[in-house]
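Here, each number is a calculation from the coordinates, and none is a lab measurement. Quick caveat, the model's predicted, so the values are computed rather than measured. Glycine also receives a Cβ, built like all others from the backbone with ideal geometry; neighbour counts cover every protein chain displayed.
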Amino acid sequence: MPLRALCIHGHFYQPPREDPLTGDIPAEPGVAPYPNWNERIHAECYQPNAEWGNFERISFNIGPTLFSWIADQHPATYRSILAQDHANIIRYGVGNAIAQGFNHTILPLAATSDKTIQIAWGIADFEHRFGRKPQGMWLPETAADLETLTILARQGIEFTILAPWQAADEEVDPTEAYRVVLPEGHHITVFFYQRELSSGVSFNPSLTANADHFALYNLPRYYHAEKERRGEAQLLLLASDGELYGHHQPFREQFLAHLLNGAGTQASLIPTFPALWLKTNPPRYTIKIRENTSWSCHHGIARWAGECSCTPGGGKWKASLRSALDRLAAALDGVYFDTVYLSIPKPRSLRERYIHVLLGNLTAEELINSMADHVLTDDQTRRIHLLLRAQYERQRMFTSCGWYHEDFDRIEPKNNLAYAAQAVNLTFLATGDDLSAGALSDLRAVVSSRTGLRGEMVFLSQIERARELGGAEN
């Protein structure tokens, strides 16, 4: 029988839950007997999937901020996930894990420099943990535009995964990998996941109740008979939130294990993953993408920029929040570049390389002094480090979760403003420049339609709290 391959991709991510000022996760209601949602989801999803060996059989990405938490709190699970990817390196010469943009920023809405940082930091984090360069990268919410794809290719990423409606062609064939031609002579391979099955796996628990039935009766009808007659290889890729396997849908980690280690074989399906598939099946066709699209908003990327029916009854505040943070980001950048350029000729490169300090590969002092064009005093080094920390918080304030839901009065938007407040406070400690007045003025337009909470109230509270805790000095 001609080759019929199956790939299950799991996107594993959780919004950051740590208090931006203390680094601790506060107790969260409704998750007993666990203290917070991270712990509960680890127990229901990450640990059992690692124990069943599923991370060796699927394609997957894990958000860097989440994976850092797993490494600190559950090192056995962390080591198991890394080892399962490494097993494929030994067996096939390529791994099944792929990278992810660092802070889960909606990249088409980001400035070019932020796209570059998010991709570079995601790659560096992956290399630090997996010990190899990533061949693929998952774009947060699969949100894509040509500039983002070009930066991916420029930084050595070979492929990504998108929703079928992100293709310019309405009749995209999801059993094919496609080449997207990009500016500057670059190109990237795109895998489009199968729409109906991916949606069914995500939202119809009865579909994944029996792995044997799923493999024998649900999967085969999505392969093309005419391709089989011609002897052409086909890849069926299903993509979903990885946490449905055990957390959103109990016991589905067992479904996944049996599907890829038994049931699929009975149906003559060969499990694979994108990097392995591309070794013998390079893309045969080129395609164009629809820019400014994503997998979880059928209005492009409106969910994270303004009002759309994905979040009915709310959303007026989103455009105001994004505008306020865009203006604050520009102000923070102005202070950063004006100050750092006096001592370091390449402040953009310094900012990109700061990820190695965050990962513990070198100290801030080592990085700063290695890039300075003259000997710096301890105070100069300290001030530049404060500004780098402010730039890190500036990246965090665009975490996509802050715009995902319908109302402003939630923990995710509040956290984004806490990151913004910390960036402002760190900048003030470094230079004496206080950017809070402009932010407060802009954030008055951010209002919860449910409770009346305003953005400047949250920001002011966080600024005051940062100053009480000593900000950067803690």
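Any of Lys227/Lys288; Lys316/Lys414; Lys115/Lys279 with alpha carbons more than 18 Å apart? Name them for me. The pairs that break the limit, which is 18 Å between Cα atoms, are Lys227/Lys288; Lys115/Lys279. In this simple spin-label model, placing a label point 7 Å from the Cα along the Cα-to-Cβ direction at both Tyr217 and Thr112 gives a separation of 5.5 nm. Calculated on C-alpha atoms, the gyration radius of region 146-274 divided by its Kirkwood radius gives an Rg/Rh of 1.01.
Only DSSP H runs of four or more residues enter the estimate; each adds -39500 (n - 2.57), and after division by the residues of the chain the mean residue ellipticity at 222 nm equals -13000 deg cm²/dmol.
Put simply, the amide H of Leu237, placed in the peptide plane, has neighbours under 5 Å in Cys7, Gln194, leaving out anything fewer than 5 places away on its chain.
Between 0 and 90 degrees, the angle of helix 64-73 with respect to the longest Cα principal axis of the chain falls at about 90 degrees. Ordering Gly246, Trp165, Leu216 by Cα displacement along the dipole of region 4-286 toward the positive end leaves Leu216 in first place; charges were set at the Cβ atoms of Lys, Arg (+1) and Asp, Glu (-1). Its alpha carbons considered, region 4-286 gives a radius of gyration followed by a Dmax of 18.5, 61 Å. Rg and Dmax of region 336-448, both derived from C-alpha coordinates alone, stand at 16.0, 51 Å. Between the amide H of Ser294 and those of Gly300, distances stay under 5 Å, these residues lying 5 or more places away or on another chain, with hydrogens modeled in the peptide plane.
With N set to the residue count of the chain, report its C-alpha Rg divided by 2.2 N^0.38 Å to two decimal places.
For the chain, the normalised Cα radius of gyration comes out at 1.00.
Given +1 at the Cβ of Lys and Arg, -1 at the Cβ of Asp and Glu and no other charges, the dipole of region 4-286 around its Cα centre is 900 debye to the nearest 20. When +1 charges are put on Lys and Arg Cβ atoms and -1 charges on Asp and Glu Cβ atoms, the dipole computed for region 304-473 relative to its Cα centre reaches about 420 debye. You can think of it this way: the chain between Asn204 and Asp24 has 61.3 nm of extra reach, that is 0.36 nm per residue less the Cα-Cα gap.
Pairwise Cα distances in region 69-214 exceed 19 Å for 61 percent of all pairs. For region 148-164, 3J(HN,Hα) computed residue by residue from phi via the Karplus equation (6.51, -1.76, 1.60; θ = phi - 60°) reads 4, 5, 5, 5, 4, 5, 4, 8, x, 7, 8, 8, 9, 10, 10, 6, x Hz, glycine and proline entered as x.
On full extension, the segment bounded by Ser309 and Arg444 gains 46.2 nm, given 0.36 nm per residue less the C-alpha separation.
Taking the Cα centre of the chain as the origin, how large is its charge dipole in debye, to the nearest 20, when only Lys and Arg (+1) and Asp and Glu (-1) carry charge on their Cβ atoms? Walk me through the numbers before you get to the answer.
Details: 43 positive and 54 negative charges, 166 e Å.
Using Cβ point charges on Lys, Arg, Asp and Glu, the chain gives about 800 debye.
The C-alpha atoms of region 73-118 occupy a region whose extents along the principal axes are 39, 30, 12 Å, arranged from largest to smallest.
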